[in-house]
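Inspection log for the structure reproduced underneath, given as C-alpha cells.
The values are calculated or read from the model by the stated rules, or taken from the named source; none is laboratory data. Quick caveat, the model's predicted, so the values are computed rather than measured. Every residue, glycine among them, receives a Cβ derived from its backbone with ideal geometry; neighbour counts consider all protein chains shown. These area figures cover heavy atoms from the full protein model, side chains too; ligands, DNA and RNA do not enter into them. Shrake-Rupley method; radii C 1.70, N 1.55, O 1.52, S 1.80 Å.
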Amino acid sequence: MRRGLLAFVCAALLSLLAPAFAQSAPAPKLKVVTTTAMLADAVRAIGGDRVAVESLMGEGVDPHLYKPTRADTAKLLGSDLVIANGLGLEGQFKETFAQLGRTKPVVLAAERVPRERLLADEAFKDRFDPHLWMDPALWAEVCAVLRDALSERDPAGREAYRAGHEAYAAELARLAEYAGRVLASVPAERRVLVTAHDAFGYFARAYGFEVVGIQGVSTESEAGLKRIEEVVALVVARKIPAIFVEASVSDRNVKAVVEGAGKRGHTVAVGPELFSDSMGAPGTHEGTYLGMIDHNVTAIARALGGEAPARGLAGRLAAR
C-alpha cells in the first residue's frame, strides 16, 4: 500500500514539474553551415544565440578553387541549413549543392539579390561577378536574404533574426559611410586599384574607382604575358604609386608587374595585403567582415594618397 502511494506521489510531482523543466530546457540551436567565412560572420551577427554556425573555408582559402572534402560533406549533411554565396564563386560545389538540395534547404544568397544590382562577368556570357561583399551597402542586401532564410527555417526566431539584422545593418551603414569618406580623399587621378584578380568590381562601382585585375573575376583563369604587359604599361603611363596583393591569391603576377614597371623607370610600391575572397585571422578585427572591409578601405586610401586613420574606423586595425 505504501509502495503504491509513494509511486502515486512521485508521478504527481513529476507531472507538476515537467512543464517547468520543459520551459527551462534551452531550445536546440539551428545548425548552419556556410561556405565562406564572410557568410558565417553575417549569420552569427543576425542569428545570435539561436544559431550554431560553421564555415567550410577559413583564412587564406580561395573559394574559386576549393574542393569539398569528406569532412565538409559530413558537416553539410549534419546541418539544418546550408548557405553559400552562389554566382559561381564555389565552382567546385555544383554537384554537392544539387545533391544536398534534395534533403535540406541550400540557399545561394547572392543569387537572390535582384539581377539589376549585379555586375556582369565580362569574361563569361550570362555570368555575374560573385564578390558582392566588397560593397557594404550591397552586402546588407545579402544579409536581408540571410535573415529571411533563417526565419523560414526557424519561424519561432523570426523576431530575433529581424532585430539581429537591423543591428548589423546599422553597422554596415556606418562602415559604408566611413569607406565613402576616406576613399573620396584619394586624388581623382589616383583612383586606380590594381590587384591580383578582379574581385573589387562592386567596390569600384560604390566608390568611384577604376579596378584593374591582373587575372579575371575567377582565379581559375591565369594571366598570360600579354596581360601582364598591358598592366605594366597602364601602371607606368598613369604613374600609379601602389598596387596590391591579396591574402588568398598568389602574389606572383603582382611581383611581375612591379618588376616590369621598374624596368621602364617607374617605381611602384606593393601596398598592404588586401582581403578579397577570405577574411583575416580568426579572433582578430580583420577576421570579421567589418574588420576585413575596414582594413581594405583604410589601406587603399592611405597607399594611394588619401587620408585615413592608421587604425581604421574604430581604431581596431592591427598596428603597422
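How far apart, in nm, are the 7 Å Cα→Cβ label points at residue 251 and residue 307?
If labels sit at residue 251 and residue 307, their model points lie 3.0 nm apart.
Hey, what angle do you get for helix 289-303 against the long axis of the chain, alpha-carbon based, 0 to 90 degrees rounded to 10?
10
What order do you get for 91-103, 175-187 when each peptide is scored by the mean count of other beta carbon atoms within 10 Å, highest first? Each step should come with its number before you reach the end.
Details: 91-103: 13.8, 175-187: 18.0.
In descending order of packing, they fall as 175-187, 91-103.
From the helices alone, meaning DSSP H stretches of at least four residues, give me the mean residue ellipticity at 222 nm for the chain, per-run term -39500 (n - 2.57), in deg cm²/dmol to the nearest 500. Could you put the intermediate results ahead of the total?
Values: 10 runs with 141 residues, N = 320.
So the calculated ellipticity at 222 nm is -14000 deg cm²/dmol.
How far is helix 136-153 tilted off the main Cα axis of the chain, in degrees rounded to 10, range 0 to 90?
On a 0 to 90 degree scale, this one is about 20.
Order these peptides, 265-272, 76-83, by their mean beta-carbon neighbour count within 10 angstrom, highest first. Present the calculation step by step, with values, prior to reporting the outcome.
Values: 265-272: 14.6, 76-83: 19.6.
Descending packing order for the listed peptides: 76-83, 265-272.
Any idea what angle helix 37-47 forms with the longest principal axis of the chain, computed on alpha-carbon atoms, 0 to 90 degrees, nearest 10?
Between helix and principal axis, roughly 40 degrees.
Please list the three semi-axes, largest first and in whole Å, of the ellipsoid equivalent to the stretch 280-320, using sqrt of 5 times the eigenvalues of its alpha carbon gyration tensor.
On the way: eigenvalues 64, 17, 12 Å².
Values for the stretch 280-320, descending: 18, 9, 8 Å.
Take every Cα-Cα pair in the chain and report what % of them are more than 35 Å apart. Before the final figure, lay out each step's value.
Numbers: 14448 of 51040 pairs.
Within the chain, distances greater than 35 Å cover 28 percent of Cα pairs.
Using only alpha-carbon positions, what ratio does the radius of gyration of the stretch 104-162 give when scaled by 2.2 N^0.38 Å?
Details: Rg = 13.5 Å, N = 59, 2.2 N^0.38 = 10.4 Å.
After normalising by residue count via 2.2 N^0.38 Å, the value is 1.30.
Would you mind pulling out the separation of the Cα centroids of the stretch 231-302 and the stretch 57-126, in Å?
First find each Cα centre; the distance between them is then 26 Å.
Using a simple spin-label model with points 7 Å from Cα along the Cα→Cβ vector, what separation in nm is obtained for residue 238 and residue 31?
In this crude spin-label approximation the distance works out to 4.8 nm.
Please work out how much accessible surface residue 205 shows to a 1.4 Å probe, ignoring ligands, DNA and RNA, in Å² rounded to 10.
Rounded to the nearest 10, the figure is 100 Å².
How much area per residue is accessible in the stretch 62-113 when the probe is 1.4 Å and only protein heavy atoms are counted (Å²)?
48
Roughly how many percent of the accessible protein surface of the chain is carbon and sulfur, given a 1.4 Å probe and a whole-percent answer? Let's see the in-between values first.
Details: 8680 of 15640 Å².
Carbon-and-sulfur percentage of accessible area, whole number: 55.
Provide the FRET efficiency to the nearest 0.05 for the residue 177-residue 122 pair, computing r from the beta carbons and using R0 = 25 Å.
Values: r = 30 Å, r/R0 = 1.20.
Approximately 0.25, to the nearest 0.05.
Expressed as a rounded percentage, what relative contact order does the stretch 118-200 have, with Cα pairs under 8 Å and six or more residues apart?
Values: 41 pairs, mean separation 22.4, N = 83.
About 27 percent, as a whole number.
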